[in-house]
Structures are given as C-alpha cells and as structure tokens.
Amino acid sequence: MFRGTYTALVTPFREGSIDPAALERLIEGQIAAGITGVVAVGTTGESPTLSHDEREQVIRLTLEIANGRCEVLAGTGSYSTRDAIAATVAAEKMGVNGALIVAPYYNKPSQEGLFRHFSAIARATALRIMLYNIPGRCGVDINAPTVARLAAECGNIVAIKEASGSVDRVSELRVNLPEAFTILSGDDGLTLPFMAAGAVGVVSVASNLLPTEIIALVRAFESGDVAGAQRMHRRLRGLFKDLFIEPNPVPVKTALSWRGQMSSEVRLPLCEMTSGNAARLRKTLEAFEQSA
C-alpha cells in the first residue's frame, strides 16, 4: 500500500552529466527527514531528457543510496506502451519497490486505450503500480471509471497520484475504489484538501527542498491533528505557489542550488529562471524560513 510522503526527485546535473554526489546528498536528506519513499526518473527528474543509460544510472544510484531505508519507485511511463513495458520490466529487475506510470501524453488515447495501455503494463510486471493522472500536462484524463476498472482487473495497480486539481475527483475516486487502493496528491498545494477528501499522502516536488515540513503536514493530518496540518499548509502556501512560478523543476532546483545542495542546471528545453522570478522565489523562501 502506498501512503505517506514520497518525493519526486529532481535529477542533479553538473556540466551536462548526472551528478552522483549531489543525488546522494539529496536522498540522504530525504531519509534523515523520515520520507516514506522517493521516485527516481519521474517527470520532475526530467526523465524525457535522459538517455536510456542515464535513466538506468539514476535508478541504480537511488537504490544503492537508499539501501532499503525508504521505498524507491521508478517513473516508467511513456506514450509508447512498448517503451513503458520495457522500462517497467527493467526497473523491476533492478529491484525497485514500485513504478509510477504517467498517462500517455500527446497522443490522447481514449479511455479504452488508457485501460489497455495500463493493463498491458500491469500484466508484464509483478511490481506494484501507481497511476499518475495529470491531464493538464498529458492532455488526457484517466477518468474515475477507468481507474476503478483497472483496480478491479489488475491486482498490482494499487494507487493513483492524482493531479487533476479537483477535490471532487478525489471524492469520486474514493467512493468508487476499494479501500486498499490508495490516492495520493500530485499537487503540493492541494495535499491538505485532497487528504480531507480521502487521499492518504502526497508525491511531492516541494519535499526535495522541505522534506521535514511536508512529512509533518501529512503526519499531522493522519494523526488527527487537523489544526496542525492547517497551520503547516498556511505556512507553506506561498512556497507551494512560487515553486511552480516557472516550469517544474526549474524553481526547486534553483532553490536547492542556493542551499549548496546541487547545481541549478536543467536540460533544454527547460532553462534558468528569469531574474525577476528568481528574486520573487528567494523572497518567499526567506519569509518562510523567518516564520519558523
């Protein structure tokens, strides 16, 4: 069962290559904070810009660094079903604990096509699978009835990262899915309202930078301390917004570079933040740190 706080890891680069030392610093910080798990080579990890060998390198490094101290999921989605199957099977052989599989992007399959895509992947692996629904980026929505059908017919499809932006969608999913099937927020700013509607955690971008705080928010709500979760949500609200002021993961990598954890380097077609937005993010981060 996937529940708790998972970090969608950024992929550190230095002069065009993977930076293993920075990745180790990042993951060690996550584990020290008490993270439930990490997702390697998801879209926050700029997976579409990584070569096959680089994706394998990052997964292997993540597994080696984590060394069983937290769960490791691999982002293995693609708009090609064959490629998604190959990536998922390869990740399984490397020893990951599960796969996060985003909806096919650009080609806009029908709901039947989505069902066949995900069920084909599920049949090819014994890994637990977390679906990833983010229609704003993929151009297609994994409808609630399709999720329910997948949950009923594919025993290893056990969770969904829901980033539709709709609290009502979480309610719809929760009503129509078995209790063992878990829903996690795919949007940091909606973690609290999503959990109020039935989600049990988050796959977070902000936790690359602030793992302790995101974990505290999720644990507070889970323990029944709703007021404490609300206070943390209000304190984080400005950062939740400004970490997405430019395309992800540009702002969070920029903030991590200010802390000396890694280079802010991203790969084209992403590029560095504008000076104005960088100044805005720095001001928001400083205000957050002063509010502690």
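The values are calculated or read from the model by the stated rules, or taken from the named source; none is laboratory data. Since this is a predicted model, take the numbers as computed values, not measurements. Counting neighbours? That spans all protein chains shown, and the Cβs are built from the backbone with ideal geometry, glycine included. In case anyone asks, the SASA skips ligands and DNA or RNA and just uses the protein heavy atoms, side chains included. Shrake-Rupley method; radii C 1.70, N 1.55, O 1.52, S 1.80 Å.
Tabulated data for the structure shown
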item: Share of carbon and sulfur in the accessible heavy-atom surface of the range 152-259 [1.4 Å probe, %]; result: 50 percent
item: Point-charge dipole on Cβ atoms (K/R +1, D/E -1) for the chain, about Cα centre, debye to 20; result: 320 debye
item: Using θ = phi - 60° and Karplus 6.51 cos²θ - 1.76 cosθ + 1.60, couplings along the range 108-124 (whole Hz; Gly, Pro as x); result: 6, x, 5, 4, 5, x, 4, 4, 5, 4, 5, 5, 5, 5, 4, 5, 8
item: Calculated over the range 1-51: convex hull of Cα atoms, volume per residue (Å³); result: 77 Å³
item: Summed residue charge, Cβ within 13 Å of Arg25's Cβ, Lys/Arg positive, Asp/Glu negative; result: -1
item: Pairs of Cα atoms farther than 14 Å apart, the range 24-79, %; result: 50 percent
item: Principal axes of the range 148-292: Cα extent on each, largest first, Å; result: 48, 38, 24
item: Ser119 - accessible surface, heavy atoms, 1.4 Å probe, Å² rounded to 10; result: 10 Å²
item: Convex hull volume per residue for the range 106-160, taking Cα atoms only, in Å³; result: 73 Å³
item: Share of alpha-carbon pairs per 10 Å distance bin for the range 99-193, given as whole %; result: 17, 55, 27, 2
item: Length gained when the stretch Glu272-Ala292 is fully extended (0.36 nm per residue, less Cα-Cα span); result: 4.3 nm
item: Length released on extending from Ser257 to Glu153, taking residue separation times 0.36 nm less the Cα-Cα span; result: 33.0 nm
item: Set of lysines with alpha-carbon distance to Lys283 below 19 Å, sequence-local pairs under 8 removed; result: Lys241, Lys253
item: Percentage, to the nearest whole number, of Cα pairs in the range 149-193 over 12 Å apart; result: 60 percent
item: Extended-chain gain in nm, criterion 0.36 nm per residue less alpha-carbon gap, Glu15 and Asn107; result: 29.8 nm
item: Pairs of alpha carbons in the range 47-146 whose separation is greater than 16 Å (percent); result: 55 percent
item: Anchor Lys93: aspartates and glutamates whose Cα lies under 13 Å away (excluding residues fewer than 8 positions away in-chain); result: Glu56
item: Cleavage-rule hits (GluC sites (Glu not before Pro)) in the range 5-45: DSSP loop, at most 11 neighbouring Cβ within 10 angstrom; result: Glu15
item: Scattering profile of the chain at q = 0.08 Å⁻¹ [log10 I(q)/I(0), Debye over alpha-carbon scatterers]; result: -0.31
